[in-house]
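What follows is a short report on a single structure.
The values are calculated or read from the model by the stated rules, or taken from the named source; none is laboratory data. Only a predicted model underlies this, so the values are computations on that prediction, with no experimental measurement involved. Cβ coordinates were reconstructed from backbone atoms using ideal geometry, including for glycine residues, and neighbour counts include every protein chain displayed. Heads up: the accessible areas ignore ligands, DNA and RNA and are worked out on the full protein's heavy atoms, side chains in. Shrake-Rupley method; radii C 1.70, N 1.55, O 1.52, S 1.80 Å.
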Amino acid sequence: MDRIICVCGAGTMGSGIAEAAAQAGFHTLLYDVNAGKLANAQQNIAGNLQMLVNKKKLDSGSMENIISRLHFSNNMNDCIADIFIEAIVEDPKVKAGLFNQLNEINHSEVVFATNTSSLSVSEIASQVMHPERVIGMHFFNPAPIMKLVEVISGSKTSQETIASIFLLAKQMGKTPVLCKDAPGFIVNHVARPYYLEALRLVEDGNATYEEIDKLMESAGFKMGPFALMDLIGNDINYAVSCSVYNALNKPERLKPSAIQKDKLTNGELGRKTKKGYYIY
Ligand code: NAI
């Protein structure tokens, strides 16, 4: 594969996206400001690949090749690539700021894809020097496994940028689907009440986390809402809840829950902090 991919943010999503890109044959750089996060990501990716080898889904030579295509850095000057996929904090200013800094040191056709779950791609793009090269590329968690990628065109995104990201998603073995730049796009908009109604049941004392998860999983859902929030990260889930709520003019039915805020205050972010609704 000729294009170089740089994934920014080595947390839950960035680590998985980098793994998927390297597995698809791309030279991939994973960048994060936090060296500790990079070390964790490197360890997690190696562990995931080793698990595939143990299950005989990957041979050890291919694992070595994938690892050799992956590079890690906390120095922005190393971030020279053809496509950037950012998976940093859910904040439009910070995301746009990162793209503008990267724009300074990269070639003039580089594409800036945001993995935002809920922010307006047009709004992020409006703060970036070249909005025609900004696009949403929304992966799902865990990124190496989940096939769906929502591709979100901002109001100024060019056809070339859309084509480039569709091609990349397909080369990564994903299923890209073009979505409108609406709050929460499609999946996160539809899924919002799954979390919020479950939280209301707990707030009102009508059921416990465990009961709700057990029942929803018995009813055929792959994960109950609380186990799923812990997988996503309670900080991210809360940020997405607030962003969709605000973008839709604060409808009562989508009001974020006080329980979500408490989880944030207590640093109980889910799997990534080893404690959320459950202990890990
Ligand atoms: P996370 O909190 O696990 O990781 C974020 C990483 O970004 C951290 O390692 C942090 O050190 C790094 N970071 C923060 N600011 C940075 C900067 N300016 N430059 C470089 N690195 C920086 O977050 P997570 O869950 O991976 O989410 C990242 C993005 O992906 C968010 O926009 C979120 O909405 C989106 N997303 C999250 C999903 C999930 O299930 N967690 C699913 C799909 C999208």
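Over the chain, with every protein chain in place, what whole percent of the accessible area is carbon and sulfur at 1.4 Å, could you tell me?
Carbon and sulfur together cover 55 percent of it.
What list of ³J(HN,Hα) values in whole Hz, one per residue of the range 213-228 in order, does the Karplus curve 6.51 cos²θ - 1.76 cosθ + 1.60 (θ = phi - 60°) give from phi, with Gly and Pro shown as x?
So the Karplus estimates, Gly and Pro as x, are 4, 4, 5, 5, 5, 5, 7, x, 6, 5, 9, x, x, 6, 4, 5 Hz.
When all protein chains stay in place, what accessible area (Å², nearest 10, 1.4 Å probe) is found for Ile232?
40 Å²
Please get the size of the charge dipole for the chain, origin at its Cα centre, with Cβ charges of +1 on Lys and Arg and -1 on Asp and Glu, quoted in debye to the nearest 20.
The dipole of the chain has a size of about 400 debye.
Considering only protein heavy atoms, what is the solvent-accessible area of Lys275 at a probe of 1.4 Å, reported in Å² to the nearest 10?
Estimated to the nearest 10 Å², Lys275 gives 80 Å².
How much accessible area per residue does the range 122-214 have, in Å², with a 1.4 Å probe? Provide the component values of the computation, followed by the final result.
Details: 4380 Å² over 93 residues.
Accessible area per residue, the range 122-214: 47 Å².
Provide the per-residue ³J(HN,Hα) series for the range 136-147, in order, calculated from phi with Karplus coefficients 6.51, -1.76, 1.60 and θ = phi - 60°, each as a whole number of Hz, with x at glycine and proline positions.
x, 9, 9, 7, 10, 9, x, 4, x, 9, 6, 7
Picking from Glu211, Glu268, Glu252, which is most flexible by a Gaussian network model of the chain using Cα springs under 10 Å?
Most flexible of the set in this elastic network: Glu252.
How much accessible area does Phe185 have with a 1.4 Å probe, in Å² rounded to the nearest 10?
Only protein atoms counted, so the area is about 10 Å².
Can you tell me which of Arg253, Arg133, Arg200 moves the most in a GNM of the chain? Springs connect C-alpha atoms under 10 Å apart.
Highest fluctuation of the listed residues: Arg253.
I'd like the FRET efficiency for Ser155 and Gln127, computed as 1/(1 + (r/R0)^6) with the beta carbon distance as r and R0 of 22 Å, rounded to 0.05.
0.95
What list of ³J(HN,Hα) couplings, whole Hz, do you get for the range 155-168 from phi and the Karplus terms 6.51, -1.76, 1.60, once you set θ to phi - 60° and write x for glycine and proline?
Karplus-based 3J(HN,Hα) across the range 155-168 equals 5, 10, 4, 7, 4, 5, 5, 4, 4, 5, 6, 4, 4, 4 Hz.
Figure the gain on full extension for Asn40 and Thr175 (residue separation times 0.36 nm, minus the Cα-Cα span) and round it to one decimal in nm.
Residue separation times 0.36 nm, minus the Cα-Cα distance, leaves 45.8 nm.
Helix 12-23 versus the longest principal axis of the chain: what is the Cα-based angle in degrees, 0 to 90, to the nearest 10?
Value to nearest ten degrees: 40.
Only Cα pairs within less than 10 Å get springs; with that Gaussian network setup on the chain, which residue of Lys95, Lys56, Lys180 has the largest fluctuation?
The residue that fluctuates most here is Lys56.
How far, in nm, would the chain grow between Met223 and Ile279 when pulled straight, counting 0.36 nm per residue and subtracting the alpha carbon separation?
Numbers: separation 56, 0.36 × 56 = 20.16 nm, distance 1.61 nm.
Value of the extension gain: 18.6 nm.
Using Cα-Cα distances under 8 Å and only pairs 6 or more residues apart, what relative contact order does the chain have, in percent?
Rounded, it is 14 percent for the chain.
Taking 0.36 nm per intervening residue step and subtracting the Cα-Cα distance, what contour gain separates Val94 from Leu167 on full extension?
23.6 nm
Can you give the charge dipole size of the range 227-280 about its Cα centre, rounded to the nearest 20 debye, using +1 on the beta carbon of Lys and Arg and -1 on the beta carbon of Asp and Glu? Don't jump to the answer; show the numbers that get you there.
Details: 9 positive and 5 negative charges, 7 e Å.
Result for the range 227-280 is approximately 40 debye, rounded to the nearest 20.
Could you work out the percent of alpha carbon pairs in the chain separated by over 33 Å, rounded to a whole number? Don't skip to the end; give the middle numbers.
Details: 8478 of 39060 pairs.
Result for the distance tail: 22 percent.
How fast does the range 175-280 diffuse by Stokes-Einstein, in µm²/s, taking the Kirkwood radius from C-alpha pairs at 4 °C and 1.567 mPa s?
Details: Rh = 14.3 Å.
Using the Kirkwood radius from Cα pairs, D works out to 91 µm²/s.
Distance check, please: which entries in Lys55/Lys174; Lys95/Lys274; Lys55/Lys274; Lys57/Lys147; Lys95/Lys156 exceed 19 angstrom between their Cα atoms?
Beyond 19 Å between Cα atoms: Lys55/Lys174; Lys95/Lys274; Lys55/Lys274.
Using only the alpha carbons of the range 16-69, determine the length spanned along each of the three principal axes and report them from longest to shortest in whole angstroms.
35, 20, 15
How far apart, in nanometres, would the label points at Ser68 and Asp204 be if each is projected 7 angstrom from Cα along the Cα-to-Cβ direction?
Result: 6.0 nm between the two label points.
Taking amide H positions as placed 1.01 Å from N in the peptide plane, with prolines and chain starts having none, which residues 5 or more places from Phe72, or on another chain, fall under 5 Å of its amide H?
Leu30
Does anyone have the angle between helix 60-69 and the longest principal axis of the chain? Alpha-carbon axes, 0 to 90°, nearest 10?
80 degrees
Which one of Gln127, Met229, Val89 has its Cα pushed farthest toward the positive end of the charge dipole of the chain, where Lys and Arg give +1 and Asp and Glu give -1 at the Cβ?
Met229
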